[in-house]
């Protein structure tokens, strides 16, 4: 499967349930808990919802069947530091992360999903404004990709034992009306997966790394 670029754009109306989106609020199966982790003080902290992908939109670009051709693939990560919360100490860094630094969920059945909205202590929604994702093979200024090539990696392979792992999703540094996402010095966030896990649809074993040239 060749790398597929994800083109982001603002929206005037709310995206429908199950649609591909960047930021905003995730669509989760009814009764499914929003993913949380424990910080160094033992408090529950929500993972940052990065994006969700309607895999049917990628199917025509995936003749090899590398990804499922239906369902929703949703990405969460510890990246608060890169959104401006500089006091956060749990964010993914320049070494390949543990599996609990990200959460990637594959939902094959999307018929009974609902949007989950996180609010702060003042009852204000915590998410950045959602953006539409268009899957394309066209050129763009930003390097958001599914099944990306390791163009930001400055060495030949990933560190042992991840040498042959692939980039499932790459998110580039970018800005919007209410956010500035900067991975170190205008770098990228790469979600990495073992090819065997990808074939087995074991998205629970994904790891991540931040690269900056």
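The values are calculated or read from the model by the stated rules, or taken from the named source; none is laboratory data. In this text the structure is predicted, and so the values were computed from the model without any measurement. Please note: Cβ atoms are built from the backbone with ideal geometry, for glycine as well, and neighbour counts cover all protein chains shown.
Is at least one residue of segment 152-162 at pLDDT 95 or above, surrounded by 15 or more Cβ atoms within 10 Å (Cβ to Cβ) and within 22 Å of residue 18 (Cβ to Cβ)? No, segment 152-162 contains no residue that is at pLDDT 95 or above, surrounded by 15 or more Cβ atoms within 10 Å (Cβ to Cβ) and within 22 Å of residue 18 (Cβ to Cβ). Residues in segment 21-28: is at least one assigned to a loop (DSSP other than H, G, I, E, B), loosely packed, with under 11 Cβ neighbours inside 10 Å and touching a residue at least 40 places away in the same chain (Cβ under 8 Å)? No, every residue in segment 21-28 fails to be assigned to a loop (DSSP other than H, G, I, E, B), loosely packed, with under 11 Cβ neighbours inside 10 Å and touching a residue at least 40 places away in the same chain (Cβ under 8 Å). Out of the residues in segment 35-54 that are touching a residue at least 24 places away in the same chain (Cβ under 8 Å) and farther than 29 Å from residue 150 by Cα, state the one that is surrounded by the fewest Cβ atoms within 10 Å (Cβ to Cβ). Only one residue fits best here, namely 40. Residue 175 satisfies every condition listed in (1) surrounded by 19 or more Cβ atoms within 10 Å (Cβ to Cβ); (2) within 18 Å of residue 81 (Cβ to Cβ); (3) more than 15 Å from the chain's Cα centre (by Cα) except (1). With respect to the conditions (1) on the phi > 0 side of the Ramachandran plot; (2) in contact with a helix residue (DSSP H, G or I) (Cβ under 6 Å, 6 or more places away or on another chain), residue 135 lacks only one, and its number is (1).
Within segment 199-213, the set of residues being in a loop (DSSP other than H, G, I, E, B) and within 14 Å of the chain's Cα centre (by Cα) comprises 206 only. Out of all the residues in segment 148-190, which are closer than 24 Å to residue 88 by Cβ, part of a strand (DSSP E or B) and touching a helix residue (DSSP H, G or I) at 6+ places or on another chain (Cβ under 9 Å)? 168, 180, 181, 189, listed by residue number. Each residue in segment 11-21 was checked for being over 20 Å from residue 61 (Cα atoms) and under 18 Å from the mean Cα position of the chain (by Cα), and 2 of them qualify.
The residue that is modelled with the lowest pLDDT, among those in segment 178-191 that are surrounded by 15 or more Cβ atoms within 10 Å (Cβ to Cβ), more than 11 Å from the chain's Cα centre (by Cα) and more than 17 Å from residue 21 (Cα to Cα), is 184.
A Cβ distance below 7 Å, combined with a sequence gap of six or more or placement on separate chains, defines the contacts here; from segment 115-144, residues that are free of Cβ contacts under 8 Å to residues at least 24 places away in the same chain reach residues that are outside any strand (DSSP E or B) in the pairs 119/126; 120/126. Just one of 76, 32 is surrounded by 14 or more Cβ atoms within 10 Å (Cβ to Cβ) and closer than 19 Å to residue 190 by Cα; which is it? Every option except 76 fails the conditions. Scanning segment 1-20 for residues that are out of contact with any helix residue (DSSP H, G or I) (no Cβ under 7 Å at 6 or more places or on another chain) and outside any loop (DSSP other than H, G, I, E, B) gives 5, 6, 7, 8, 9.
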